[in-house]
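Shown next, in structure tokens, is the structure this report addresses.
The values are calculated or read from the model by the stated rules, or taken from the named source; none is laboratory data. The structure presented is a predicted model; accordingly, all values stated were derived computationally and were not measured. Glycine gets a Cβ as well: all are built from the backbone with ideal geometry, and neighbour counts include every protein chain shown.
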Amino acid sequence: MTRRPLVIVFARAPRLGRVKTRLARGAGASAALRFHRLTLAAIVRRLARSGRWETRIATTPDRDAGRGRGWSRGIALAKQGDGDLGTRMLRAIAAAGRRPVAIVGSDVPALDAAAITRALALLAANEVVLGPSGDGGYWLLGWRGPRPSLRLLAGVRWSTPHALADTRARLGRRRLALADRLDDVDDAAGYARWLRPSPSA
């Protein structure tokens, strides 16, 4: 029997001065912490309610994997380990075995179970699914198939407008699909848009 997919939320434990440092430079450390707490809690709540997949949180630095009380909402915590973002994501995929796995960010306010459901549906017919964001990066990496080499994403220019394009180049001929476009919040301008009520509100 096929095991349920695994959805892993990559996150830092909410600690003042240690989350969303780019946002903190423009909006202040307290605002960055507030955004991180609210968005992480909302994402975990939405994803954990679904019975279609197992939800897990992977934290960095590793010492915070045992400090989830009050913010992890009872979800299992794992360590990301060392290395750049690509190495840490690929290590989490390898640890999941051969079941489908999707790694998502914790700073995407619109992320919900419906977006994950659509991404996993694409993953059923593809080896890799990427969820693009408007800044040239991506909010989701979905994987199905053999365990990847931890060097697969070496050279990707993380936290730049080139991250998605670099990743696609590194994936080579693997069957790849793009999921919904969802924007993350990395700086003061993104934070201001997040604070602004929608026209339909």
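Quick one: would you say Ile103 is part of a helix (DSSP H, G or I) and closer than 29 Å to Arg3 by Cβ? When the stated conditions are applied, Ile103 does not pass them.
Report whether or not Leu33 is exposed (fewer than 14 other Cβ atoms within 10 Å of the Cβ) and over 24 Å from Ala121 (Cα atoms). Considered against the rule, which asks whether it is exposed (fewer than 14 other Cβ atoms within 10 Å of the Cβ) and over 24 Å from Ala121 (Cα atoms), Leu33 comes out as no. When residues in region 38-60 are screened for being free of Cβ contacts under 8 Å to residues at least 12 places away in the same chain and surrounded by 13 or more Cβ atoms within 10 Å (Cβ to Cβ), 1 of them pass. Pairing each residue of region 131-151 that is touching a residue at least 12 places away in the same chain (Cβ under 8 Å) with any residue that is of a type in the set (Phe, Trp, Tyr), provided the two are 6+ apart or on different chains, yields C-beta distances under 7 Å for Gly131/Tyr138; Gly131/Trp139; Pro132/Tyr138; Ser133/Trp139. The test for being more than 19 Å from Phe10 (Cα to Cα), modelled with pLDDT of 95 or more, of a type in the set (Lys, Arg) and assigned to a loop (DSSP other than H, G, I, E, B) does not hold for Arg157.
When Trp53, Trp71 are screened for being at pLDDT 95 or above and among the aromatic types (Phe, Trp, Tyr), only Trp53 passes. Would a scan of region 129-143 turn up a residue that is touching a strand residue (DSSP E or B) at 6+ places or on another chain (Cβ under 9 Å), assigned to a loop (DSSP other than H, G, I, E, B) and surrounded by fewer than 18 Cβ atoms within 10 Å (Cβ to Cβ)? No, there is no match, as no residue in region 129-143 is touching a strand residue (DSSP E or B) at 6+ places or on another chain (Cβ under 9 Å), assigned to a loop (DSSP other than H, G, I, E, B) and surrounded by fewer than 18 Cβ atoms within 10 Å (Cβ to Cβ). The lone criterion from (1) farther than 15 Å from Leu90 by Cα; (2) assigned to a loop (DSSP other than H, G, I, E, B) left unmet by Ala177 is number (2). In a residue-by-residue description of region 76-88, the property of being surrounded by 17 or more Cβ atoms within 10 Å (Cβ to Cβ), closer than 24 Å to Val128 by Cβ and in contact with a Ser or Thr (Cβ under 6 Å, 6 or more places away or on another chain) applies to at least one position. Condition check for Asp166 on (1) assigned to a loop (DSSP other than H, G, I, E, B); (2) of a type in the set (D, E, K, R); (3) under 17 Å from Leu130 (Cα atoms): one failure, at (1).
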